[in-house]
Amino acid sequence: MTTLSHPKPRRAGGAFVAPTATVEDGARVGPGSQVWDLSVVRAGAEVGADTVLGRGVYIGPGARLGERCKVQNQALVYEPAVLEDGVFIGPAVVLTNDTYPRAVTPEGRLKGSDDWEAVGVTVREGAAVGARAVCIAPVTIGRWASVGAGAVVTRDVPDHALVVGAPARRVGWVGRSGVPLVSDTRDRWICPVSAEVYVEIDGRLEEAR
């Protein structure tokens, strides 16, 4: 009887790296992080401590991920994206990096790295981007904001905003729990989970003091 051997996961600087994952030389993966099957972390990328990269995730060279992020299966995070601490990226999300994409120059030559300038998506602390959403660089997703599944984000998203659709538009506000806030007055919003109170001022949401 033949016994099949399977490659064992490896530990790199305190991080778990699945046997079929690729972490290129020059990439930094923080302690306690997990890089699962078929994921690729390119040279120059930085992944903070305790961050989880699901199956088939791509992190481009120069992308920077903070601590305690979750990047779900098949998500594509193209450089120079920045994810701050505690960011959630859903399955098959795409963070783009080319404003005017073309495979070739006007002369018909295959474009190289010197023929275009990469621009990145920024996702601020605690924000969440739902499954199959596409964020068109150079947009910024604000702190603790939520982007609905399948949305196409073409404009900056304010802190705590809940946006859906294509193009994405704001349909409500969310707190740190991610649950939509409930209004008790025109300008005052309450989280039904944590009871945190927020105040809307000139189209922005701020925690009540």
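The values are calculated or read from the model by the stated rules, or taken from the named source; none is laboratory data. All values derive from a computational prediction rather than experimental measurement. Neighbour counts run over all protein chains shown; Cβ positions are idealised from the backbone, glycine included.
Return yes or no: is Ala128 closer than 23 Å to Ala145 by Cβ, at pLDDT 95 or above, in contact with a Ser or Thr (Cβ under 7 Å, 6 or more places away or on another chain) and crowded, with 17+ Cβ neighbours inside 10 Å? Spelling it out, Ala128 is indeed closer than 23 Å to Ala145 by Cβ, at pLDDT 95 or above, in contact with a Ser or Thr (Cβ under 7 Å, 6 or more places away or on another chain) and crowded, with 17+ Cβ neighbours inside 10 Å. Selection of first residues in segment 107-119 that are in a loop (DSSP other than H, G, I, E, B) and of second residues that are among the hydroxyl-bearing types (Ser, Thr, Tyr), restricted to Cβ pairs under 6 Å at least 6 apart or on distinct chains, gives the following pairs, ordered by first then second residue: Lys111/Thr105; Val119/Thr99. The residue list Arg68, Arg55 contains one member that is in contact with a Phe, Trp or Tyr (Cβ under 8 Å, 6 or more places away or on another chain) and either outside any loop (DSSP other than H, G, I, E, B) or of a type outside the set (S, T, N, Q) (or both), which is Arg55. The residues on offer are Ala137, Ala161, Ala166, and the sole one that is over 23 Å from Asp85 (Cα atoms), out of contact with any Pro (no Cβ under 8 Å at 6 or more places or on another chain) and among the small types (Gly, Ala, Ser) is Ala166. The condition (being more than 10 Å from the chain's Cα centre (by Cα) and within 15 Å of Thr51 (Cα to Cα)) is satisfied by just one residue among Asp85, Asp98, Asp114: Asp85. Considering only segment 63-82, state which residues are over 9 Å from the mean Cα position of the chain (by Cα) and farther than 22 Å from Arg176 by Cβ. Ala63, Arg64, Asn73, Gln74, Tyr78, Glu79, Pro80, listed by residue number. Residues that are part of a loop (DSSP other than H, G, I, E, B), within 10 Å of the chain's Cα centre (by Cα) and within 19 Å of Ala45 (Cβ to Cβ): does segment 130-139 have at least one? No: zero hits. When we screen Val163, Val179, Val174 for residues that are surrounded by fewer than 19 Cβ atoms within 10 Å (Cβ to Cβ) and free of Cβ contacts under 8 Å to residues at least 40 places away in the same chain, the only hit is Val179.
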